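Trainee: Sharing a structure, written as structure tokens. Questions coming.
The values are calculated or read from the model by the stated rules, or taken from the named source; none is laboratory data. Note that the structure is predicted; figures quoted are calculated from it, not measured. For neighbour counting, all protein chains shown are included, and Cβ atoms are generated from backbone atoms with ideal geometry for every residue, glycine included.
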Amino acid sequence: MAGFDPEQSYGSCLVLTSDIEGLHRAFAAGMRATYGKVLVSGTPRMTRPRPRRNADGVTGFSVVDPGGNWIRVVQQGDPEPAPAGRLATALANAVVRADSRGDVRQAVLVRRARR
């Protein structure tokens, strides 16, 4: 598409699975085969499985494909408990911010924004 910028894509889908680790390994293997490593920033990229704050603590990970489409993979089952304490909450917020933007430097902004 002329003028299309994958970084501005709103495309998204949700995948529910009972084997989050197996699906994560499969996506990681495909990314390594294509790019030589698992990309964690830019487009494409992939996050690691973790409890998702924006999904009530259900474990999941995201893959952003070369076209900028988000593939959100979520574990079927019970959510994990929310982090307790200010430090754990700040760390969880930093992980969400860094993962969702594909830029670890964004995690630093969580602390700076709270000052």
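Trainee: Quick one: in the range 30-52, of everything that is out of contact with any Gly (no Cβ under 6 Å at 6 or more places or on another chain) and farther than 17 Å from P66 by Cα, which residue is surrounded by the fewest Cβ atoms within 10 Å (Cβ to Cβ)?
Mentor: Looking at residues that are out of contact with any Gly (no Cβ under 6 Å at 6 or more places or on another chain) and farther than 17 Å from P66 by Cα, I get R48.
Trainee: Can you confirm whether G67 is among the small types (G, A, S), touching a helix residue (DSSP H, G or I) at 6+ places or on another chain (Cβ under 6 Å) and modelled with pLDDT of 85 or more?
Mentor: When the stated conditions are applied, G67 passes them.
Trainee: Considering only the range 5-29, state which residues are in a loop (DSSP other than H, G, I, E, B), loosely packed, with under 13 Cβ neighbours inside 10 Å and either touching a residue at least 24 places away in the same chain (Cβ under 8 Å) or in contact with a His (Cβ under 9 Å, 6 or more places away or on another chain) (or both).
Mentor: Passing the criteria: D5, G11, S18.
Trainee: State whether one or more residues within the range 100-110 are assigned to a helix (DSSP H, G or I), at pLDDT 90 or above and loosely packed, with under 12 Cβ neighbours inside 10 Å.
Mentor: No; the residues of the range 100-110 include none that is assigned to a helix (DSSP H, G or I), at pLDDT 90 or above and loosely packed, with under 12 Cβ neighbours inside 10 Å.
Trainee: If you take the residues of the range 30-57 that are in contact (Cβ under 8 Å) with a residue 60 or more places away in the chain and not β-branched (V, I, T), which of them is nearest to A84 (Cα to Cα)?
Mentor: It comes out as S41.
Trainee: Ok, one more. With the structure loaded, tell me whether G60 is within 20 Å of V95 (Cβ to Cβ), surrounded by 17 or more Cβ atoms within 10 Å (Cβ to Cβ) and in contact (Cβ under 8 Å) with a residue 24 or more places away in the chain or whether it fails that test.
Mentor: yes
Trainee: Against the definition (among the basic types (K, R), under 24 Å from A90 (Cα atoms) and modelled with pLDDT of 90 or more), how does R48 come out, yes or no?
Mentor: Spelling it out, R48 is indeed among the basic types (K, R), under 24 Å from A90 (Cα atoms) and modelled with pLDDT of 90 or more.
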